[in-house]
Amino acid sequence: MKIVVVYYSMYGHVYRMARAAAEGAQATGAEVDIRRVPETLPMEILEKMGAIESQKQQAHVPICSVDELGEAAAIIFGTPTRFGNMCGQMRQFLDATGQLWVKGAMVGKVGSVITSSSSQHGGQESTILSFHNTLLHQGMIIVGLPYTFKGQMTMDEISGCSPYGASTIAGGDGRRVPSENELAGARFQGEHVARIAMKLTA
């Protein structure tokens, strides 16, 4: 059974969460591919935004093709929040999946979302919920992060993660990296997605 983790990450926060989600899915024995969506910003803009080093660190991750989505039993999407919505790079990629919609190729597949924001209340939940609109139009079965992941109820630290999906907080300057609790949430979600997909494909 194949699972694809497809993400966009300008500064590496979602990339780290995507890797954790892939680890969780792999723990079930599933075949997992990590893919990134194409960059739409020119290099000079990325340089001005201080994102070049992060982009170099992710250069080894293959660009996702639309066909790969149709071949997977489950897909975990990762996107930073942009004003409470997915980023433009992910939106443009998903806008190219019309051929899958026409064929009904995504119907019955498991879909799940992870995200990041710069602040604690920066739109993590609305980003995931608005992302679900696209998954529902594709006929996917939405899976979140259940409360059996106790880390999302922690009061011991500032942390992302909600029943909608795992998330991380980057901080205003982007220096904060995903905490172990947030990474644990992504791993839990990856494993949860894989186990549900296994049941559906059994």
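Would you be able to say whether some residue in the range 190-200 is out of contact with any Cys (no Cβ under 8 Å at 6 or more places or on another chain), among the β-branched types (V, I, T) and crowded, with 21+ Cβ neighbours inside 10 Å? For the range 190-200, residues out of contact with any Cys (no Cβ under 8 Å at 6 or more places or on another chain), among the β-branched types (V, I, T) and crowded, with 21+ Cβ neighbours inside 10 Å: present. The set of residues in the range 107-148 being without any contact (Cβ under 8 Å) to a residue 12 or more places away in the chain and either part of a helix (DSSP H, G or I) or among the basic types (K, R) (or both) consists of N133, L136. All conditions but one from (1) assigned to a helix (DSSP H, G or I); (2) at pLDDT 95 or above; (3) in contact with a helix residue (DSSP H, G or I) (Cβ under 8 Å, 6 or more places away or on another chain) apply to V14; the one that does not is (3).
From the list Q89, Q124, the lone residue that is of a type outside the set (G, A, S), more than 18 Å from A186 (Cβ to Cβ) and out of contact with any helix residue (DSSP H, G or I) (no Cβ under 9 Å at 6 or more places or on another chain) is Q89.
Check K109, K103 and return the single one that is over 12 Å from the mean Cα position of the chain (by Cα), of a type outside the set (D, E) and closer than 22 Å to E191 by Cβ. Walk me through it before giving the result.
Numbers: K103 fails: closer than 22 Å to E191 by Cβ.
Step by step, each of K109, K103 is checked, and only K109 is over 12 Å from the mean Cα position of the chain (by Cα), of a type outside the set (D, E) and closer than 22 Å to E191 by Cβ.
Inspect all residues belonging to the range 172-181 and state whether any of them is modelled with pLDDT of 95 or more and in a helix (DSSP H, G or I). Yes: the range 172-181 contains one or more residues that are modelled with pLDDT of 95 or more and in a helix (DSSP H, G or I). Hey, can you tell me all the residues within the range 37-81 that are surrounded by 16 or more Cβ atoms within 10 Å (Cβ to Cβ) and in a strand (DSSP E or B)? Once the filter is applied, which keeps residues that are surrounded by 16 or more Cβ atoms within 10 Å (Cβ to Cβ) and in a strand (DSSP E or B), the range 37-81 yields A74, I75, I76, F77, G78, T79, P80, T81.
The values are calculated or read from the model by the stated rules, or taken from the named source; none is laboratory data. Small disclaimer: the values here were computed from a predicted structure and weren't measured. Cβ atoms come from the backbone with ideal geometry, glycine included; neighbour counts cover every protein chain shown.
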